[in-house]
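The values are calculated or read from the model by the stated rules, or taken from the named source; none is laboratory data. None of these values were measured; they are calculated from a predicted model. Quick reminder, even Gly has a Cβ in these numbers, built from the backbone with ideal geometry, and neighbours come from all protein chains shown. The accessibility values were calculated without ligands, DNA or RNA, using every heavy atom of the protein model including side chains. Shrake-Rupley method; radii C 1.70, N 1.55, O 1.52, S 1.80 Å.
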Amino acid sequence: VEEETRNSLISFLTKLSTNNGQPDLILGWNSTLDPCKDSWPRVACDRRNTSVTKLFLEGLNLNGTLDATSLCSKRLAASLYLLSLAGNNIGGGIPDGISKCKQLTYIYVRGNQFSGNLPSSFPMLGNLKRLNISNNKFSGNLPELSRISGLTMFLVQNNQLSGEIPKFDFSNLVQFEVSNNNFSGLIPDGGSRFPTSSFLGNPGLCGDPLSQKCVSLEETVENKSKGVSKDQILMYSGYALVFLMFIIFKVCKRKKRGEERVEAANKVASIDDSIISKHNAASSEYKSDVSRSEYMEISAESQLVSTSLTVLESPVVNGLKFEDLLSAPAELLGRGKHGTLYKVLFENGIVLVVKRIKDWAISSTEFKQRMQRMGQVKHPNVMPALAFYCSTYEKLLVYEYHPNGSLFGLLHGTPMSQAFDWASRIGVAASISEALAFMHQELKDDGIAHGNLKSCNILMNKNMEPCISEYGLMTSLDSKYGSSLTGSESSRSRAFQGDIYGLGVILLELLTGKMAQNSGVDLADWVVSVVREEWTAEVFDKVLISEGASEERLLNLLQVAIKCVNNSPDARPSINQVATMINTLKDEDDRSMSFEPSLQ
Ligand SMILES: Nc1ncnc2c1ncn2[C@@H]1O[C@H](COP(=O)(O)OP(=O)(O)OP(=O)(O)O)[C@@H](O)[C@H]1O
């Protein structure tokens, strides 16, 4: 490593550590030695040992300032892609010059005394993937970070940041948290993928997933006041206008609601009346294959006691009527233990999935209450029902169609399974277990477990992230899962323990690449017997072994899976324990893969 870089590093550390006297000596950073070949502590280099790539300076009680000029000196800036300063007492701001460190991909400065604005040049760090500036004293508006397209981690909680949240492409973000700042305005589209806790503690913030809704009028008024001078008098009259319009809006809304109620009553009546005629007319228009005609039976039965479709909050199906569902072409996707699944195609290109539940001994009232309750519990890795229909004869649920298929398909379908590497598998395990822990916690008091957790009920969304589907549709009838259909307290907890069993089997599928049931062989029984015979290494998927996945990590996950499939439901761990174990394994894995620091 050339002299310029050595000097830059030492000067950077000196400014960071005004308290430490001779930091270069303390850390062993000595300009007569080479940072790479002589292995300066807390410095990592490229494979050829010619350039510095990572600085791990966390937890050193550093209390100086960040000298971007030294850090982003020409040569160092060309290779440095990880900077961790987490858990120190570094103060001052992050200078504008940081944007010269073009290769920076990971910035971890959590838990310091940094203050001031993030520099406006920050978005020029186009390679940035993970940013953690949480637990500092940063303030002011965020720069246009949404321009950084590859950002997967954005953690800025516990600062004093204000203004609006940039319009991120939330589909890329895996970790996101802005809680306990002074952010205001509408949470941008897609933000609702993250839990409410990611946004809490910002009094001015509104919109999904927070319960505080935005007053849509604000936008209208903002537009109207564009171009108006910003002096104070006008500002106050603007506020007065907002208030006035808000009142008018409320009055109009109340009036409209009254009209809508009348309209809705008429609509329900007209749907009921028109089902027979529309269905008869419609059925001749569609190609009638077996599934289609079966699907049509729904309407025939439903004519007896029909109610309208209940939409559970979704822009996709807003305005969708029960009759629309019936008159759209349908394709049979599968016939499971608990019902039949149809893919329904609409003229406007929307594709939905309708589950027709069979033989569920649950009253209509109970079914409706259950669906409404589940509509309130949202997690980005759980697929919500978009709407439901319930009559004496039919119980239908409407879901979004996921063209990327299920985890079952990914593991046991043909070529894709080859590309399903260990990092993705442990990622899937961590996401599912966290989502299940969330659902159990939210729905424990209502006694609603998943009831039928298995790899074909884990669907891959457009970002190939797993989503648990069909949550709470049925209580499993399988005694092995440990549940029963009676409503007693113990049978309720059995249902939750049944989900742990289901999760355990999914973990075994991820580890072995084998199906849960194959030619009468039960995967859990097989794995347990092989492990008992001390042939443990034999159970793992050969694809993982040939990829070079660490056997120690496979073993760690296997131990969790085996605990979950214990035949005695009471001996299984709680979902929180499972989620913690799996997430710890995943974190260890992430760290060892990228040699990232323990303190982000
Ligand atoms: N929303 C969806 N989008 C795309 N595919 C889906 C969707 N829901 C389910 N599937 C897939 O359709 C197939 C049939 O699903 P279905 O729920 O009927 O089967 P099952 O889960 O075996 O049945 P059951 O839940 O009654 O035991 C499965 O392969 C499943 O992965």
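Got a sec to turn the phi values of the stretch 193-205 into Karplus ³J(HN,Hα) couplings, 6.51 cos²θ - 1.76 cosθ + 1.60 with θ = phi - 60°, whole Hz, x for Gly and Pro?
Working through the residues one at a time gives 4, 9, x, 3, 4, 5, 10, 4, x, 10, x, x, 8 Hz.
So in the stretch 39-182, what percent of DSSP beta bridges are antiparallel if you round to the nearest 5?
Close to 10 percent.
What accessible area per residue, rounded to a whole number of Å², is obtained for the stretch 133-188 using a probe radius of 1.4 Å?
38 Å²
Roughly to the nearest percent, how much of the accessible area of the stretch 127-210 is carbon and sulfur, given a 1.4 Å probe?
Reported share for carbon and sulfur atoms: 45 percent.
Taking the Cα centre as origin and putting +1 on Lys and Arg beta-carbons and -1 on Asp and Glu beta-carbons, what dipole magnitude results for the stretch 14-109, to the nearest 20 debye?
340 debye
Pull out the extension gain between LYS542 and ASP169, defined as 0.36 nm times the separation in residues minus the alpha carbon to alpha carbon distance; nm, one decimal.
Fully extending the segment from LYS542 to ASP169 adds 130.6 nm.
Which entries of LYS343/LYS378; LYS542/LYS563; LYS378/LYS563; LYS54/LYS137; LYS337/LYS395 have Cα-Cα distances beyond 20 Å here?
LYS343/LYS378; LYS542/LYS563; LYS378/LYS563; LYS54/LYS137
Set the Förster radius R0 to 56 Å, insert the Cβ-Cβ distance between GLU2 and GLU552 as r into 1/(1 + (r/R0)^6), and round the FRET efficiency to 0.05.
It comes out at approximately 0.90.
Determine the gain in length on full extension of the stretch GLN376-GLN577; use 0.36 nm per residue of separation and subtract their C-alpha separation, reporting nm with one decimal.
69.9 nm
Mind jotting down the distance between the C-alpha centroids of the stretch 57-136 and the stretch 430-473, whole Å?
38 Å
Residue by residue through the stretch 436-453, which ³J(HN,Hα) values in whole Hz follow from phi under the Karplus form 6.51 cos²θ - 1.76 cosθ + 1.60 (θ = phi - 60°), with glycine and proline marked x?
Karplus-based 3J(HN,Hα) across the stretch 436-453 equals 5, 4, 5, 5, 4, 5, 6, 10, 4, 5, 7, x, 9, 9, 5, x, 7, 6 Hz.
Describe numerically, in nm with one decimal, the distance between label points set 7 Å from Cα along Cα→Cβ at GLN160 and at ASP445.
3.7 nm
Which one of SER139, PHE154, PRO95 is farthest out on the positive end of the charge dipole of the stretch 89-168, using unit charges on Cβ (Lys, Arg +1; Asp, Glu -1) and the Cα centre as origin?
With unit charges placed on the Cβ atoms, the residue in question is PHE154.
First measure r as the distance between the Cβ atoms of SER363 and ASP525, then evaluate 1/(1 + (r/R0)^6) with R0 = 56 Å and state the FRET efficiency to the nearest 0.05.
Calculated transfer efficiency: 0.90.
With the other protein chains left in place, how much accessible area per residue, in square angstrom, belongs to the stretch 334-388 at a 1.4 angstrom probe?
49 Å²
Roughly what would the spin-label model give for ASP38 and ASN61, points 7 Å off Cα along C-beta, in nm?
In this crude label model, ASP38 to ASN61 measures out at 2.6 nm.
Each label point is 7 Å from the Cα along the Cα-to-Cβ direction; what then is the distance between the points at PHE346 and THR310, in nm?
2.0 nm
In what sequence, highest mean first, do 386-394, 512-520, 427-435 appear when ranked by Cβ atoms within 10 angstrom?
427-435, 386-394, 512-520
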